[in-house]
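See below for the structure under consideration.
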Amino acid sequence: MNTYKCTKCNIEKTLDSFYKRKDRPLGIKSECKECTKSSINSRNRLPESKRKLKQYNHEYYVANCTSKIQASKEYYAENREAILARQKIASKAYYQAHRAEVYARGAKRRALKLKQTPPDADMQKIAEFYKESERLTNETGMAHHVDHIMPLSKGGLHHQDNLQVLTATENLKKGAKLPIIL
């Protein structure tokens, strides 16, 4: 048997016109090389309908992104308490499930602070930053954090000249980003 009929184009072809495949009874694919290539090419091309849908979705997003953001803000304002309650529950659940990882991250940060606290650091002035943060939190009702201007992870020092008090949202937004120096 030197020929085989392609299951896709139904043309009888020689065995060398088929790709080899060991798991098949004859050791070849059931469709010829030409049909295999054409099916691969057609899968790689985006059909016109999908292209139009993608274009429509993009235009819809551009036209409605600001209204969606506004709607999201309004929803948050109306449901703030419920959202915060869900977040608190989720946070506790994460903490319970990943307690060892949370402890490890805290220990790593404490060790990092110890190694990056220079000998000339005034621990009383550093403590004053934390007291000021606590005072602002109590007075304003908004959480405040002590932030390292040059993040510890980027080589900054745990020193009074590298600390500032920020609101929690500003600090979390800043993350471990380097300060912008003009």
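Quick note: the coordinates plus some simple rules give every number you see, no bench work behind them. Nothing here was measured: the structure is a model prediction, and the numbers come from that model. Glycine gets a Cβ as well: all are built from the backbone with ideal geometry, and neighbour counts include every protein chain shown.
Tabulated values for the structure
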read-out	value
Qualifying residue in the range 63-73 (condition: under 30 Å from ASP161 (Cα atoms) and either assigned to a helix (DSSP H, G or I) or under 33 Å from the mean Cα position of the chain (by Cα) (or both))	no
Condition check for GLU12: acidic (Asp, Glu) and in contact with a Lys or Arg (Cβ under 6 Å, 6 or more places away or on another chain)	yes
Within the range 129-153, considering residues that are more than 15 Å from LYS174 (Cβ to Cβ) and not in a helix (DSSP H, G or I), the one farthest from the chain's Cα centre (by Cα)	GLY141
Hits in the range 154-182 (condition: loosely packed, with under 12 Cβ neighbours inside 10 Å and either touching a strand residue (DSSP E or B) at 6+ places or on another chain (Cβ under 6 Å) or assigned to a loop (DSSP other than H, G, I, E, B) (or both))	GLY155, GLY175, ALA176, LYS177, ILE180, ILE181, LEU182
Unique match (being more than 30 Å from LYS154 (Cβ to Cβ) and without any contact (Cβ under 8 Å) to a residue 60 or more places away in the chain) among GLN116, GLN70	GLN70
TYR94 being on the phi < 0 side of the Ramachandran plot and under 22 Å from the mean Cα position of the chain (by Cα)	yes
Exclusive hit being touching a Lys or Arg at 6+ places or on another chain (Cβ under 8 Å), within 30 Å of ILE11 (Cα to Cα), of a type in the set (S, T, N, Q) and outside any helix (DSSP H, G or I), set SER30, SER39	SER30
